[in-house]
Every structure is written in C-alpha cells, then in structure tokens.
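Enquirer: Okay, here's the structure, questions in a sec.
Values quoted throughout were computed directly from the atomic coordinates according to the rules given, and no laboratory measurement underlies them. It should be emphasised that the depicted structure is a prediction, and the values quoted were computed from it without experimental measurement. Neighbour counts are summed over all protein chains in view; Cβ atoms, including those assigned to glycine, are modelled from backbone coordinates with ideal geometry.
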Amino acid sequence: MEKNMYSIIIPTYNERLNIALVVYLVFKHLREFDFEIIIVDDSSPDGTQDIVKQLQLLYGEERILLRARKKKLGLGTAYCHGLKHASGDFVIIMDADLSHHPKYLPSFIRKQKETEASIVTGTRYVRGGGVHGWNLMRKLTSRGANVLAQTFLWPGVSDLTGSFRLYKKSVLEDVIGSVVSKGYVFQMEMIVRASRKGYHIEEVPITFVDRVYGTSKLGGSEIVEYLKGLIYLIFAT
Amino acid sequence: MKHILKILELLVTISAIWIGLLQASIVSSSYAWLLPVYLIILLGCYGLFMVGVGLMFFPTCPQESHLLQKDIAEAKDFLKREGIDVNSD
C-alpha cells in the first residue's frame, strides 16, 4: 500500500512564538504519517524566519520548508505560493496562531481515508466541535452570518469561513485557480466553488480557541466585507 | 448553473403558485395579494429563530483553553531544552 504524503501550508506574519509551538505539536501528533510543513512567511519583522531556520536545523530541511516572500501579501497568494513547493498528494492549510490545534490533523486524515473525500473541512459549529474565547456579540455575528449564508447561499458546509482544511492536491490546484476574493472571503469562495464543482466534501468537528497570543478583531468593516462577499458568491458561483 | 439562477427559479415557481391562487380564487382575493408579504415575514421569523437557537446551543469548549495551555507549556519546555529561544513577551 503506497504511503500518502501530506504537505501542510502555514502562512505566517509575526508568529515568532506561535510557529515554534505549532511545529512542535504537528510533529507530536503526526508521528505515524509522512508529511512536510511549508511555512510561507511574508518578511515578518519579529524574526519569525530566524526561528523557522532554527526549527529546520532541529527537524530537517526536508520536513520544514521555508518559502518566504518579500512583503505582506494576501492569504490566497500565500497558499498558491506554498502549493508550488508542495510535494505531497494532499495539502493541509491551517493558521499559525494556535486557533487550529494540530491534534485534529489525524482526524482529518482518517476522515479522508474512510470517505475518499476530495476535501475535509474543519467545522466549529457542530457537536464535538466548539469555540472558546468568544463573547456574546461575537457569537451573535457568527451565528447571524451563518444563518444568512445557509438561507441564501446553500454552501453545503456548516462552517463557511473556517480555514482548517485538507485538500487533495489536484483539487486545491483546480479550485484555487478560479477564486478571486481576498481575506477570509477567500476561504468562503474556496469551499463554495468546490461545492459547486461537485467535489466530495466532508466535515470533522474541531475546537477553536481564539488567539492565545496576540489579538483578533471583528469590527464593522469585517461585517461589510462578509456581506459583500456573500452577495458576490450568490451571483458568481 | 449559477446559484442566483437557482434562486430565481425558486422565486418564479413561488410566483407561479401565487398567481395560480389569485386566478383560481381558492383563497379570497384580498388575502391572496398579501401572501408574498406573509412569506417574507415568515422567512424573517425563521431566520431570527435559527439565530436564537444557534446562539442557545452554540458549542463551546472551555476545557480546550486549559488543554491548550498545557500543550503550550510542554512545547515551550521542549524548545528551551533544544536551545530555541522564542523570546515570548
């Protein structure tokens, strides 16, 4: 039986501490799997790349690939950039800030093997999953956004804006080519386009602990961005 | 087919049923004219209901924060032993 290789793409910007923690946890939880971690750093001023180079000495350069970029560019392009250097049959995308815990990686892989799905996406909104660190307002906007999306967009997944996902490499390459949005709407467009193209998508519950180090914001502009994104997706997909 | 077309298809079907009801006079005329309004109000109520239910049963995981802190401590320990200085502020 041929062994599958998993390429994990992690975009980073000023994640000096978090990236080291994430890498440690990935190695801890993926011991029986063949994988590589591709870190796409956008020239972080806090020395993230220095830490990554030290991690490379520790874990090996075949396991940790540093594919940096000259300046802060978008998330979507970060995935494209990482994808060019991915040698696995599967690509996993995740955040560097520990909101996505590497302990769920085996469940993504297992789900894909069981169902032969093209995409496995993590969902925070089902039993077994969950969120910690959100106040009532944040939960309200999240739930409101979700109901809007389910009512008008019929996306086929319960968590539209999540970015903890496993793709078959060929599927990611196919879908990412047709996506034009930026920011987190990019994640929405990815999964909706994949759903429209008829790809088999499965979900696994994940828990999401909001940013342990650093801050994450949700303001009026993000809400407007979301609504614009939703309208765009209704008309364009 | 684009999603917007699916939605239009649904709206056209509903409109056809509505016009049919008006023509056939199964329902009284004044009531029938207001059906679209009732439908929209129903949709709004459904939406609010779903938001409320979702909020009530929003899955949370307070224990995860605690587990994460343990993982972070374990990771930091390891990094210290390996001489990787992350200068956590």
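Enquirer: Return the FRET efficiency for the residue pair residue B:78, residue A:68: r is the Cβ-Cβ distance, R0 is 25 Å, and the value is rounded to the nearest 0.05.
Expert: On the way: r = 25 Å, r/R0 = 0.98.
After rounding to 0.05, the efficiency reads 0.55.
Enquirer: If you don't mind, another one. Arrange A:42, B:85 by Cβ neighbour counts within 10 Å, fewest through most, would you?
Expert: Numbers: A:42 20, B:85 12.
Exposure proxy ranking, most exposed first: B:85, A:42.
Enquirer: Compute the Rg to Rh ratio over chain B from the alpha carbon atoms, using the Kirkwood formula for Rh, and round to two decimal places.
Expert: On the way: Rg = 28.2 Å, Rh = 19.0 Å.
Computed over Cα atoms, the ratio is 1.48.
Enquirer: Okay, next question. Out of A:192, B:32, A:74, whose Cα points farthest toward the positive end of the dipole of the protein assembly as shown (charges: +1 Lys, Arg; -1 Asp, Glu; placed on Cβ)?
Expert: It is B:32, whose Cα lies furthest towards the positive end.
Enquirer: Taking neighbour Cβ counts within 10 Å as the exposure measure, how do A:172, B:35, B:48, A:153 sort from fewest upward?
Expert: Numbers: A:172 26, B:35 15, B:48 12, A:153 20.
Going from sparsest to densest Cβ surroundings: B:48, B:35, A:153, A:172.
Enquirer: Let me ask another. What longest range of chain A stays clear of loop-exposed GluC sites (Glu not before Pro) (DSSP non-H/G/I/E/B, at most 16 other C-beta within 10 angstrom)?
Expert: Details: sites that count: A:2, A:32, A:61, A:62, A:116.
Of all site-free stretches, the longest is A:117-237.
Enquirer: Any idea what angle helix A:16-29 forms with the longest principal axis of chain A, computed on alpha-carbon atoms, 0 to 90 degrees, nearest 10?
Expert: 80 degrees
Enquirer: Averaged across A:227-236, how many Cβ atoms of other chains sit within 10 Å of each residue's Cβ atom? Intermediate values should be presented prior to the final figure.
Expert: Numbers: counts 0, 0, 0, 0, 1, 0, 2, 5, 5, 3.
The shielding value for this peptide is 2.
Enquirer: Ok, one more. Would you please state which residues of the stretch A:1-38 a label at residue A:225 would reach in this model, taking the label point 7 Å out along Cα→Cβ and a backbone N cut-off of under 15 Å?
Expert: In the stretch A:1-38, the label zone of residue A:225 (backbone N under 15 Å from the point 7 Å along Cα→Cβ) covers A:13.
Enquirer: Are there DSSP H segments in chain B that both extend 18 Å or more along their axis (alpha-carbon positions) and score a mean Kyte-Doolittle hydropathy of at least 0.0? List them, or say none. Intermediate values should be presented prior to the final figure.
Expert: Numbers: long enough: B:3-24 (32 Å, 1.65); B:35-56 (31 Å, 2.17); B:62-81 (30 Å, -1.02).
Result, helices passing both filters: B:3-24, B:35-56.
Enquirer: Next question, about the same structure. How big is the equivalent ellipsoid of the stretch A:114-162 along its three axes, where each semi-axis is √(5λ) from the Cα gyration tensor, reported in whole Å from largest to smallest? Present the calculation step by step, with values, prior to reporting the outcome.
Expert: Numbers: eigenvalues 95, 48, 10 Å².
In descending order the semi-axes read 22, 16, 7 Å.
Enquirer: Kindly provide the trypsin sites (Lys or Arg not before Pro) of the stretch A:121-230 that DSSP labels as loop, not H, G, I, E or B, and whose Cβ sees at most 10 other Cβ atoms within 10 Å. Numbers along the way, then the final one.
Expert: Working: sites: A:124, A:127, A:138, A:139, A:143, A:165, A:168, A:169, A:182, A:193, A:196, A:197, A:211, A:217, A:228; in loops: A:124, A:182, A:197, A:211, A:217.
Qualifying residues, ordered by number: A:217.
Enquirer: Averaged over peptide A:152-165, how many Cβ atoms belonging to another chain are found within 10 Å of each residue's Cβ?
Expert: Values: counts 4, 2, 3, 1, 0, 0, 0, 0, 0, 0, 0, 0, 0, 0.
Whole-number average of other-chain Cβ neighbours for A:152-165 is 1.
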